[in-house]
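Engineer: Here you go, one structure.
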Amino acid sequence: MIKQIFSDMDGTILNGSGEINTKTVDFLKDYPIPLTLVSARAPMEMEFAIDELGLTGPQIAFNSGLIFEKNAHGITKLLSHPIPHDLAINIIDFIKKEFPKATISWYTANSWNVFEFNEDVDYQVRLTKRKYHLQTEIGKEDIYKIMILDVKEKITCPLTAALRKKFPNLVNTKTTGPKYCEITSCKAIKSSGIRYIQKMRNLQKEELIAFGDGENDLEMLKEVGVSVAMGNAVNEVKKIATMVTDSNEEDGLVTALSKIGPSQ
């Protein structure tokens, strides 16, 4: 019997325009099982989906770097794993030196910060519909994620490889599609967020289902009893999943949950 749903956002519950299909919204709003979003996104980038779906309870941001609940006054932090500040500075300095054309941005709990506006930033603005903050230097606030966005898809792979070699085991460096390299705390792994909520709700692994499509979803999908790969998922995800459903454009969550049913 499934008692908790976990879902990635981009490429999973969201379509290619960064929105939730109407059919999925209507289905999930009436579904009797709690849903937790598990995303590399910041809380502010998850807010629209939380509101559209009428979600309550804990949500997972920054690949489990921050577990929070949304309320009338903003968010309440339940678990927080920022990147150590000095390490974040060192990573950004390394990227500036070795990949000078990279578009660097970084996230605090409440803001998205960039050094300059360019086509990469414009792409992200249109996708997430969030406002960026131009900064000349990095402040003292906790940094939960460093993101390199590469719309032209020229440096994502070599940059990711270079970061993993330079900072092994110090941070989690993941590609979330060919355009993104995202760096979070070494403690920020989607599976750890799953375990946190599993323990909070006193659930068994067999009572959990998760949906995903990308590399950073692998740990999460291995942590649950029923793992579902979207039709558009990368092959690595499809290989380890319990089942493969329709794509994010075709309401794959609805297809899978309709087959499984809330009482199975």
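Engineer: Mind listing the phi-derived Karplus ³J(HN,Hα) values for segment 12-28, rounded to whole Hz, using 6.51, -1.76 and 1.60 with θ = phi - 60°, and x for any glycine or proline?
Structural biologist: Whole-Hz 3J(HN,Hα) from phi for segment 12-28: 10, 7, 9, 7, x, 8, x, 10, 9, 4, 4, 4, 5, 4, 4, 5, 6.
Engineer: Pop out the ³J(HN,Hα) list for segment 214-220 in order, Karplus 6.51 cos²θ - 1.76 cosθ + 1.60 with θ = phi - 60°, rounded to Hz; leave Gly and Pro as x.
Structural biologist: Here the 3J(HN,Hα) series is x, 4, 6, 9, 4, 4, 4 Hz.
Engineer: I would also like to ask the following. Could you do me a favour and compute the accessible area per residue for segment 22-80, 1.4 Å probe, result in Å²? Can you show the working numbers first?
Structural biologist: Values: 2400 Å² over 59 residues.
Using a 1.4 Å probe on heavy atoms only, each residue of segment 22-80 averages 41 Å².
Engineer: While we're looking at this one, here's another question. Collect residues whose amide H, placed 1.01 Å from N in the peptide plane, falls under 5 Å from the amide H of Asn21; neighbours closer than 5 in sequence don't count.
Structural biologist: Asn15
Engineer: Around Gly74, which amide H atoms from residues at least 5 apart in sequence, or from another chain, sit under 5 Å from its own amide H, with H modelled in the peptide plane?
Structural biologist: Distant-sequence amide H within range of Gly74: zero hits.
Engineer: Next up: Given the options Thr56, Thr175, Thr22, which has the most mean-square fluctuation in a GNM of the chain, springs set between C-alpha atoms less than 10 angstrom apart?
Structural biologist: With Cα springs under 10 Å in the chain, the top fluctuation among Thr56, Thr175, Thr22 is at Thr22.
Engineer: Figure the gain on full extension for Cys157 and Val244 (residue separation times 0.36 nm, minus the Cα-Cα span) and round it to one decimal in nm. Display every interim value, and only then the final one.
Structural biologist: Numbers: separation 87, 0.36 × 87 = 31.32 nm, distance 2.64 nm.
Gain on stretching Cys157 to Val244: 28.7 nm.
Engineer: Here's another thing I want to ask about it. Where a Cα-Cα gap under 19 Å defines reach, which lysines qualify for Lys29, not counting those fewer than 8 residues away within the same chain?
Structural biologist: Answer for Lys29, where 19 Å is the Cα cut-off: Lys3, Lys70, Lys259, listed by chain and number.
Engineer: Also, quick follow-up: Quick one: what are the phi-derived ³J(HN,Hα) couplings along segment 187-193, Karplus 6.51/-1.76/1.60 with θ = phi - 60°, whole Hz, x for glycine and proline?
Structural biologist: 8, 8, 10, 3, 5, 5, x
Engineer: Something else: Sort 2-12, 201-211 for me by packing, meaning the mean count of neighbouring Cβ atoms within 10 Å per residue, highest on top.
Structural biologist: Ranked by mean Cβ neighbours within 10 Å, highest first: 2-12, 201-211.
Engineer: Taking the Cβ of Leu170 as the centre, find all other residues whose Cβ is under 12 Å away and add up their charges (Lys, Arg: +1; Asp, Glu: -1).
Structural biologist: On the way: positive: Arg164, Lys165, Lys166, Lys187; negative: Asp86.
Spelling it out: positives minus negatives among the neighbours equals +3.
Engineer: Angle between the Cα long axis of helix 156-166 and the longest principal axis of the chain, 0 to 90 degrees, nearest 10?
Structural biologist: Long axis of 156-166 versus the principal axis of the chain: about 80 degrees.
Engineer: Counting only protein heavy atoms and using a 1.4 Å probe, what share of the accessible area of the chain belongs to carbon plus sulfur, as a whole percent?
Structural biologist: 49 percent
Engineer: Further question on the same structure: Amide H to amide H, which residues 5 or more places from Cys186 or on other chains are under 5 Å from it, using H placed in the peptide plane?
Structural biologist: For Cys186, whose amide H was placed from the backbone, the distant partners under 5 Å are Asn172.
Engineer: Please give the calculated 222 nm ellipticity per residue for the chain, where each DSSP H segment of at least 4 residues contributes -39500 (n - 2.57) and the sum is spread over every residue; nearest 500 deg cm²/dmol?
Structural biologist: Details: 9 runs with 86 residues, N = 264.
So the helix-based figure for the chain works out to -9500 deg cm²/dmol.
The values are calculated or read from the model by the stated rules, or taken from the named source; none is laboratory data. Just so we're clear, the structure is a prediction, and the values are computed from it rather than from any experiment. Positions of Cβ are generated from backbone atoms using ideal geometry, with glycine treated the same way; all protein chains shown enter the neighbour counts. To get the accessible areas, we keep the full protein, side chains included, count just its heavy atoms, and leave off ligands, DNA and RNA. Shrake-Rupley method; radii C 1.70, N 1.55, O 1.52, S 1.80 Å.
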